[in-house]
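Down below is the structure, laid out as structure tokens.
Each value in this text was obtained by applying a stated rule to the coordinates, not by laboratory testing. Remember, predicted model here, so these are calculated numbers, not experimental data. FYI the Cβ positions are ideal-geometry reconstructions off the backbone, even for glycines, and counts take in every protein chain you see.
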Amino acid sequence: MNASGSSAAPKGTSLPLAVLSETFIRKAKDKTLHVGIVGLGYVGLPLAEAFVRRDLRVTGFDIDMAKVDMLDAGQSYIKHISDERIGSMNASGKFGSTTDFARLKEVDAILICVPTPLGAHREPDLSYVVATTKNIAKYIGPGQLVILESTTYPGTSEEVLQPILESGGLKAGVDFAIAYSPEREDPGNPNFETSTIPKVVGASSTPERDMACALYGVIVPTVPVSNLRTAEAVKLTENIFRAVNIALVNELKVVYGAMDIDVWEVIEAAKTKPFGYMAFYPGPGLGGHCIPIDPFYLTWKARAYGLNTRFIELAGEINSNMPGHVVDRLGEAMNEQLGMAMKGAKVLIVGLAYKKNVDDMRESPALELIDKLRMRGMDVEYYDPYIPVAPSIREHPEVEGMRSVEWTEEALGKFDVALIATDHDNVDYMPLLKAVDLVVDTRNAIKDRAEKVVRA
Ligand SMILES: NC(=O)c1ccc[n+]([C@@H]2O[C@H](COP(=O)([O-])OP(=O)(O)OC[C@H]3O[C@@H](n4cnc5c(N)ncnc54)[C@H](O)[C@@H]3O)[C@@H](O)[C@H]2O)c1
């Protein structure tokens, strides 16, 4: 825990924010700003690294002592972030992490990167954001900048964060600053990382926006927008766009499948059009903690305006029907090609993570597939090179403790059918094709049109 020392203006300073912001911006230019990042997960940790790489001092805050201990020991808990990268952050002398939130007083900027899941009734669950903001409110001082990065509905920063932060008597836009800047991290994507993706920044006043842009400007190009709710809406728009387009190709997959047209071949050809088309790919259903969840933040908020979000609801319906469609296709293929019933047969799920090349199985459609296949009486096992043992997942307790099978022809030979749910790049499908008589492929992972491969 080596990033210490007080740098924010002391409590009681009565300088207006316009003046305090000049000091903040100068410190950003001098690289003497001290950044606090709350929530050291998939978003917070790479963000901390991006600032450290540009020589800013960063203190990470998390409630999970195990994460702080691992970071102190130079160990990563995220597959695509290596131990070496944590080691270099520590070696720079610019990074430290802690569970002691009183140390928020030391930093100039506080970036909130905590989870924003859905509740039991698909309503926004802001409990992590509220808990974090209450902690920050205890220590906030004049001249500090608080930025929410977590994905949320338009209005959250003004309606939820601001009143909590002002509860101690200081005023936003006068004594301290608030901004919203959505995180656009795409874990496992080799083409982009935190430091190469522009940051959209919204705030209620010019000094607040200038402060946030100065901070992020140290690591990335910034895209200022006119207010907090616009920035909040940008993030939802990006993820709704993905959810709706994925639903569209999933629908086309079903329709073209019935016409004996390969939707993947259609997409490959369609994307040669240099304008007006963007390729999205079908799959076994939506996964991850963003695309299946974030659109419903807008649905919930729209209700307060008496409005429905029909595109979002329809996309959700189509995408959530996909696991059922895949299981039906698997049953039909077993019947036609193997003359075998599903009940009592052995099926291997290939890929448990929600998308390729990551070890994250939150909201993974593979979990839904396991449930559905078991309900049809199948004996289900899985293979995932990144998930040797399935961890506990709240909605799917039955998968906890399942172990990835060995990827050898001999071990694979006991399965009647394999179902490719996630197409990790490092999987060689040859042993599978040799060992198993039927492979149902939901990702177009196996490019050659072998008889025994059925797309679903
Ligand atoms: N993971 C992504 O690819 C991604 C991309 C864009 C946006 N987002 C959004 O970013 C936000 C964070 O997502 P994530 O994937 O990094 O989550 P995560 O679960 O990986 O990490 C969240 C971290 O916050 C910590 N935490 C929880 N409550 C806390 C509290 N009260 N105080 C301090 N720390 C606390 C947890 O211990 C954890 O380390 C979410 O709103 C998510 O929707 C995520």
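Counted by Cβ distance under 11 Å from VAL174, the other residues give a net charge of -2, where Lys and Arg count +1 and Asp and Glu count -1.
Building the convex hull from the alpha-carbon atoms of segment 26-73 and averaging its projection over directions returns 3.4 nm².
If we count other beta carbons within 10 Å of each Cβ, what is the order of THR309, THR98, fewest first? Write down the numbers at each step before the final one.
Values: THR309 18, THR98 21.
Going from sparsest to densest Cβ surroundings: THR309, THR98.
Against the main long axis of the alpha-carbon atoms of the chain, helix 17-30 sits at an angle near 60°.
Here's how it looks for ILE147: its modeled amide H is under 5 Å from those of ILE110, LEU111, ILE112, ALA179, which are all 5 or more places away or on a different chain.
Per the Kirkwood treatment, what hydrodynamic radius in Å, one decimal, follows for segment 247-455 from the mean inverse distance over all distinct Cα pairs? Write out the running numbers ahead of the final one.
Values: mean 1/r = 0.0555 Å⁻¹.
Over segment 247-455, the inverse of the mean reciprocal pair distance is 18.0 Å.
If neighbour count is taken as other Cβ atoms inside 10 Å, put CYS290, CYS113 in order from fewest to most. Intermediate values should be presented prior to the final figure.
Values: CYS290 23, CYS113 26.
Going from sparsest to densest Cβ surroundings: CYS290, CYS113.
Across the chain, the convex hull enclosing all Cα atoms gives 149 Å³ per residue. Listed peptides 375-382, 30-37, 41-48 appear in the order 41-48, 30-37, 375-382 once ranked by packing, highest mean of other Cβ atoms within 10 Å at the front.
Scoring 418-424, 51-57, 80-86 by mean Cβ neighbours within 10 Å over their residues and listing the highest first yields 418-424, 51-57, 80-86.
When DSSP beta bridges are limited to those with both residues in segment 17-226, what percentage is antiparallel, rounded to the nearest 5? All intermediate terms of the calculation are to be shown ahead of the outcome.
Values: 3 of 29 bridges.
Looking only at bridges with both residues in segment 17-226, the antiparallel portion is about 10 percent.
Structural descriptor for the chain: relative contact order 11 percent, calculated from alpha carbon pairs under 8 angstrom and at least 6 residues apart. Taking 0.36 nm per residue of separation and subtracting the current Cα-Cα distance, fully stretching the chain between GLU313 and ILE81 would add 80.0 nm. For segment 387-456, applying the loop criterion from DSSP together with a ceiling of 15 other beta carbons within 10 Å to the GluC sites (Glu not before Pro) yields GLU395, GLU400, GLU406, GLU451. Inter-label distance, ARG122 to THR237: 2.4 nm, where each label sits 7 Å from its Cα along the C-beta direction.
Near the amide H of VAL405, within less than 5 Å, lie the amide hydrogens of TYR382, TYR383, ASP384, all on another chain or at least 5 residues away, with H placed in the peptide plane.
Working from label points 7 Å from Cα in the Cα-to-Cβ sense, the ALA102 to LYS346 distance is 5.9 nm. In terms of other Cβ atoms within 10 Å, VAL454, VAL358, VAL174 run from fewest to most in the order VAL174, VAL454, VAL358. Reported value for segment 284-361: 120 Å³ per residue, from the convex hull of its C-alpha atoms.
Please give me, ordered by residue number, the chymotrypsin sites (Phe, Trp or Tyr not before Pro) of segment 74-114 that lie in loop per DSSP and have at most 16 other Cβ atoms within 10 Å. Kindly include the intermediate steps, with their values, before the conclusion.
Working: sites: TYR77, PHE95, PHE101; in loops: TYR77.
Within segment 74-114, the qualifying chymotrypsin sites (Phe, Trp or Tyr not before Pro) (loop, at most 16 other Cβ atoms within 10 Å) are TYR77.
For PHE176, the residues whose amide H sits under 5 Å from its own are GLY143, LYS171, ignoring neighbours fewer than 5 places away on the same chain, with H placed 1.01 Å from N. Which one, THR206, LEU236, PRO323, projects farthest toward the positive side of the charge dipole computed for the chain from Cβ point charges (K/R +1, D/E -1)? With unit charges placed on the Cβ atoms, the residue in question is THR206.
Loop-resident trypsin sites (Lys or Arg not before Pro) (DSSP state other than H, G, I, E or B) in segment 186-287 with no more than 13 further Cβ atoms inside 10 Å of their Cβ: LYS271. Charging the Cβ of each Asp and Glu at -1 and of each Lys and Arg at +1, and nothing else, the dipole of the chain about its Cα centre rounds to 1240 debye.
If you add up the charges near ASP425, with Lys and Arg at +1 and Asp and Glu at -1, over every other residue whose beta carbon is less than 14 angstrom from its beta carbon, what do you get? Can you show the working numbers first?
On the way: positive: LYS79, LYS355, LYS356, ARG443, LYS447; negative: ASP359, ASP384, ASP423, ASP428.
Taking every Cβ under 14 Å from that of ASP425, the sum is +1.
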